[in-house]
Structures are given as structure tokens and as C-alpha cells.
Amino acid sequence: MPHTIPPLQLVAALNWRYATKKFDPTKKIPASDWDALEQSLVLAPSSIGLQPWKFFVVTDAEMKKRLMEASYRQPQVVECSHFVAFTARRDVDAEHVDRHISRMAEVTESSAESLAKFRTMTLRNLERAREAGTLNSWQEHQIYIALGLFMASAAVLGIDTCPMEGIEPEKYDEILGLAGTNYTTSVACAAGYRRPDDKYATMKKVRFKPSEVVVRI
């Protein structure tokens with residue numbers, strides 16, 4: 001696939017991106033741009049392709065206020081255009097695997113029977129992780145892949161984001177109706193457009209030199 005944007009444009013977008021502290025509440029993300037960002041979530045890669053997540057997109061003002069109270073009153077929650085809660089699937093089981101296989105069969109126009117070996121391998125890996133006590137953490141780690149792709153996609157579109165771990169997951173679960181389900185909130189991200197007076201927008205990025213963090217072999 002040829003470049004859809006020049007390499008320098010990608011680097012410029014990533015340099016332009018920062019964790020926005022002040023969003024302009026009067027500016028909303030156009031529907032076409034938001035549709036593309038939702039697709040970045042849907043298309044995010046995950047281990048074994050299990051997609052152990054649900055993404056709650058919040059634009060309702062009252063819901064945002066409730067979530068802000070569960071986010072240590074950080075204003076980004078209510079000032080942004082779209083607010084996303086990233087939730088992870090706990091205790092991934094055979095039912096979830098079978099849903100995935102059913103979807104694989106549908107998309108690839110194959111039979112579930114032809115995917116039997118894949119099913120066995122997947123269940124075996126999940127059981128090993130369950131026995132080791134790492135199943136939930138393994139699946140929760142996938143959330144950050146989706147978050148990173150979402151933020152990078154937003155930057156390419158000229159949309160600001162702010163990843164937020166400073167939240168109270170149990171309160172989020174209650175507000176979003178997740179209490180008692182197999183999903184739990186892991187992290188959140190605000191998206192919209194920066195205000196001109198956000199001082200962090202003009203600060204230089206502080207990163208280690210590439211030679212210190214990139215090892216070419």
C-alpha cells in the first residue's frame with residue numbers, strides 16, 4: 001500500500017499531539033472525522049484477535065458531568081467534544097471465543113468447523129493465563145494498544161486528545177451500567193480541540209534522544 005500521507009507529515013502530527021488540558025467546549029468533532037476515529041477503535045489489533053473490549057463514547061452533557069465527578073473533577077471530561085471510556089473484558093471465556101470464531105467465519109466466508117484448531121489453541125492459551133493468574137491483566141493490556149492507535153489517528157486528523165488514567169474505575173462502571181458485568185473500565189480519553197490559552201500546547205516535547213531508546217540490530 002502506498003503512503004497515504006508523507007512520512008514527514010506523520011512525524012509532524014505526532015509532534016503536534018500532546019495531552020490537552022484545556023478543550024474548547026464550543027468546537028465539536030465533525031461526524032465524518034468521528035466516524036473515522038471510531039473505525040480506528042474497531043480496527044485496533046489485539047492478541048489472538050479477541051478484541052476484549054467495549055468503547056463507550058460519551059457526548060451527553062449530563063453523563064459527562066457524572067463522569068467528571070469520578071475523574072477527580074478534571075475539566076477535560078466536560079469540555080471535550082467526545083469522551084471515550086475504554087473497558088476491558090474480564091475472564092475471557094469460551095463464549096467470547098465462540099463469538100469471535102463466529103464472526104471470523106462470517107467475514108472470511110468459512111465454516112466454524114474449519115476453525116476448530118484455532119479455537120482449541122485459543123482456549124488453551126486462555127486457560128494457561130487463567131491458571132497463572134494473568135488472564136485479566138493480559139486482556140487489559142490490549143486496551144492500551146487501542147488507546148495508542150486512537151490517539152495517533154486523532155493527531156493525523158488534527159484532533160486533540162488527552163489520555164486519562166486519573167479516574168475511579170469502580171464509579172465509572174456504576175455510571176456506565178457495567179457493575180455486575182464482565183467488563184470494567186481501564187482508562188479514558190478526551191477528544192476535541194485545544195483552547196488557545198492551553199499553555200501546554202506550546203511546550204517543547206521532552207523525549208530521550210532516538211539513539212538512547214531505539215536499538216538497531
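What follows draws every value from the coordinates through simple rules; no lab data is involved. All of these numbers come straight from a predicted model, not from anything done at the bench. Heads up, the Cβs are rebuilt from the backbone with ideal geometry, glycines too, and the neighbour counts pull from every protein chain shown.
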| query | Residues in segment 69-77: is at least one of a type in the set (S, T, Y), surrounded by 14 or more Cβ atoms within 10 Å (Cβ to Cβ) and part of a loop (DSSP other than H, G, I, E, B)? | reply | yes
| request: Would you check which residues across segment 38-72 are in contact (Cβ under 8 Å) with a residue 12 or more places away in the chain, within 14 Å of the chain's Cα centre (by Cα) and closer than 18 Å to T161 by Cα and list them? | output: E38, S40, L41, A44, F55, F56, V57, V58
| task | Please work out if D35 is without any contact (Cβ under 8 Å) to a residue 40 or more places away in the chain and either surrounded by fewer than 19 Cβ atoms within 10 Å (Cβ to Cβ) or closer than 28 Å to A179 by Cα (or both). | result | yes
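Can you tell me which residue within segment 168-196, out of those that are among the aliphatic types (A, V, I, L, M) and under 16 Å from the mean Cα position of the chain (by Cα), is surrounded by the fewest Cβ atoms within 10 Å (Cβ to Cβ)?
Initially, segment 168-196 is screened for residues among the aliphatic types (A, V, I, L, M), giving 175-176, 178-179, 187-188, 190-191.
Subsequent filtering for residues that are under 16 Å from the mean Cα position of the chain (by Cα) retains 187-188, 190-191.
Values: V187: 21, A188: 27, A190: 27, A191: 25.
Per the criteria, the residue is V187.
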| said: Pairs please, first residue from segment 109-138 and under 26 Å from Y183 (Cα atoms), second anywhere and aromatic (F, W, Y), Cβ atoms under 9 Å, 6+ apart in sequence or on different chains. | reply: L126/W138; A129/W138
| query | Across segment 168-217, what is the number of residues that are part of a loop (DSSP other than H, G, I, E, B) and either free of Cβ contacts under 8 Å to residues at least 24 places away in the same chain or within 25 Å of T26 (Cβ to Cβ) (or both)? | reply | 19
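Could you please find all residues in segment 39-55 being in contact with a Phe, Trp or Tyr (Cβ under 8 Å, 6 or more places away or on another chain), not hydroxyl-bearing (S, T, Y) and not in a loop (DSSP other than H, G, I, E, B)? Even if it seems obvious, please write down each step before you answer.
Taking segment 39-55 first, the residues in contact with a Phe, Trp or Tyr (Cβ under 8 Å, 6 or more places away or on another chain) are 40-41, 44, 46-47, 53-55.
With the extra rule that they be not hydroxyl-bearing (S, T, Y), the set shrinks to 41, 44, 53-55.
Those that are in contact with a Phe, Trp or Tyr (Cβ under 8 Å, 6 or more places away or on another chain), not hydroxyl-bearing (S, T, Y) and not in a loop (DSSP other than H, G, I, E, B): L41, W53, K54, F55.
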| query | All but one of (1) touching a Lys or Arg at 6+ places or on another chain (Cβ under 8 Å); (2) surrounded by 12 or more Cβ atoms within 10 Å (Cβ to Cβ) hold for A146; which doesn't? | reply | (1)
| Mind checking which residues of segment 1-25 are assigned to a loop (DSSP other than H, G, I, E, B), β-branched (V, I, T) and surrounded by 10 or more Cβ atoms within 10 Å (Cβ to Cβ)? | I5, T20
